[in-house]
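Student: Just passing along the structure, written as structure tokens.
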Amino acid sequence: MTAEQIKDFLASARVFARSVREVVEEELVRAMTSAQISFAQLRLLFLIAHTEAPTIGDVGIFLRISKAGASKIVEQLVRRKLIERVEIENNRRSRKLFLTEAGRQLMHDYEVARDAWTARTLGDYSDEEMRHTAEILDRLSATIARRSKTFREPCLQCETYYRESCRFQQLCGCSCYYQTRLGDKQGMNSSERSHKSVSN
């Protein structure tokens with residue numbers, strides 16, 4: 001591979017990644033959410049929706065921010081009544097996070113809008129082209145991750161695009177954050193649910 005080919009490949013990869021981040025994610029969130037939340041806040045809603053009642057510490061790990069930063073973003077979503085904090089039984093200093101009905105509806109609306117927008121935008125590409133492209137991207141990503149000195153486990157690369165069957169995980173040989181945290185997404189047991197949610 002020549003230097004020019006390497007630069008061409010990296011430029012294309014960068015443009016694609018930025019297009020996904022700025023158009024599919026950030027612009028779409030701004031366009032369809034009356035709550036006017038950021039994509040970082042949406043990522044937190046996704047974490048809560050797809051794992052078993054995370055804590056502030058989990059939020060910091062997932063968003064790769066400090067505990068203080070995690071507390072701030074949680075507080076913003078609590079004030080917007082999109083999530084609620086519930087005290088853990090026998091540990092009043094620690095609280096688990098749950099989506100409110102408004103939070104669940106927002107997540108549903110975003111995913112429907114995202115899928116419809118993507119289907120319209122990429123409709124000219126065949127299913128086979130899309131499948132093959134996704135496979136190539138996973139193979140390339142795994143190759144790069146295996147060489148990385150900063151890649152951290154468990155893997156959080158997919159962020160809001162969790163797949164139960166993940167080629168990247170299989171190719172990279174890494175553990176999946178979602179799979180290690182998946183549990184009873186109903187949230188708490190009956191004794192925990194009897195505790196009062198903390199909204200302030």
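What follows draws every value from the coordinates through simple rules; no lab data is involved. All figures in this text were calculated on a predicted structure; none of them were measured in a lab. Glycine also receives a Cβ, built like all others from the backbone with ideal geometry; neighbour counts cover every protein chain displayed.
Student: Could you give the angle, 0 to 90 degrees to the nearest 10, between helix 3-19's Cα long axis and the longest principal axis of the Cα atoms of the chain?
Tutor: Value to nearest ten degrees: 30.
Student: Still on this structure: With the cut-off at 25 Å, report for the chain the share of all Cα pairs above it, as a whole percent.
Tutor: For the chain, the share of Cα pairs beyond 25 Å comes to 45 percent.
Student: Ordered by residue, what ³J(HN,Hα) values in Hz, to whole numbers, does the stretch 132-148 give under the Karplus form 6.51 cos²θ - 1.76 cosθ + 1.60, where θ = phi - 60° and Gly and Pro are x?
Tutor: 5, 4, 4, 5, 4, 4, 5, 5, 5, 5, 5, 4, 5, 4, 5, 8, 6
Student: Also, quick follow-up: Using a Cα-Cα cut-off of under 14 Å, which aspartates and glutamates could be cross-linked to Lys81, ignoring same-chain neighbours fewer than 8 residues away?
Tutor: Glu101
Student: Taking the chain as a Gaussian network, Cα atoms linked when under 10 Å apart, which of Glu22, Glu75, Glu128 shows the biggest mean-square fluctuation?
Tutor: Of the options given, Glu128 has the highest mean-square fluctuation.
Student: Here's a follow-up. Check Ile83: other-chain or 5+ apart residues with amide H under 5 Å from its amide H, H built from backbone geometry?
Tutor: Those lying under 5 Å, H to H, from Ile83 are Val78, Thr100.
Student: So, in Å, what gap is there between the alpha-carbon centers of the stretch 154-173 and the stretch 26-86?
Tutor: With the stretch 154-173 and the stretch 26-86 each reduced to a Cα centre, they are spaced 21 Å.
Student: What residues have an amide H closer than 5 Å to that of Ile65, excluding those fewer than 5 places away on the same chain, when H is modeled at 1.01 Å from N in the peptide plane?
Tutor: Result for Ile65 returns nothing.
Student: Mind ranking 157-163, 111-117, 168-174 by how tightly packed they are, going by the mean number of other C-beta atoms within 10 angstrom, highest first?
Tutor: Descending packing order for the listed peptides: 168-174, 157-163, 111-117.
Student: Treat the count of other C-beta atoms within 10 Å as a stand-in for reagent exposure and order Tyr177, Tyr125 from fewest to most.
Tutor: Ranked by crowding around the Cβ, least crowded first: Tyr125, Tyr177.
Student: Let me ask you something else. Per residue of the stretch 162-169, what does 6.51 cos²θ - 1.76 cosθ + 1.60 with θ = phi - 60° give for ³J(HN,Hα)? Whole Hz please, x for Gly and Pro, Karplus curve as stated.
Tutor: 4, 10, 4, 10, 10, 5, 4, 4
Student: So who's got an amide H within less than 5 Å of the one on Cys155, skipping anything under 5 residues away but keeping other chains? H placed 1.01 Å off N, in plane.
Tutor: Ser175, Cys176, Tyr177
Student: Ranked by Cβ crowding within 10 angstrom, fewest neighbours first, how are Asp109, Asp138, Asp127 ordered? Display every interim value, and only then the final one.
Tutor: Values: Asp109 14, Asp138 19, Asp127 7.
Listed from fewest to most nearby Cβ atoms, that is Asp127, Asp109, Asp138.
Student: On a 0 to 90° scale, report how tilted helix 67-79 is relative to the longest principal axis of the chain, with both axes built from alpha carbons and the result rounded to the nearest 10.
Tutor: Taking Cα atoms only, the helix is inclined about 70 degrees.
Student: Relative to the longest principal axis of the C-alpha atoms of the chain, give the angle of the C-alpha long axis of helix 39-50, reported between 0 and 90° and rounded to the nearest 10°.
Tutor: Computed tilt is about 70 degrees.
Student: If you don't mind, another one. Going by how many other beta carbons lie within 10 Å of each one, how would you line up Leu42, Leu140, fewest first?
Tutor: Leu140, Leu42
Student: Starting at the first residue of the stretch 110-127, write each ³J(HN,Hα) from the Karplus equation 6.51 cos²θ - 1.76 cosθ + 1.60 with θ = phi - 60°, in whole Hz, x for Gly and Pro.
Tutor: So the Karplus estimates, Gly and Pro as x, are 5, 5, 5, 5, 4, 5, 5, 5, 5, 4, 5, 5, 9, x, 6, 9, 6, 4 Hz.
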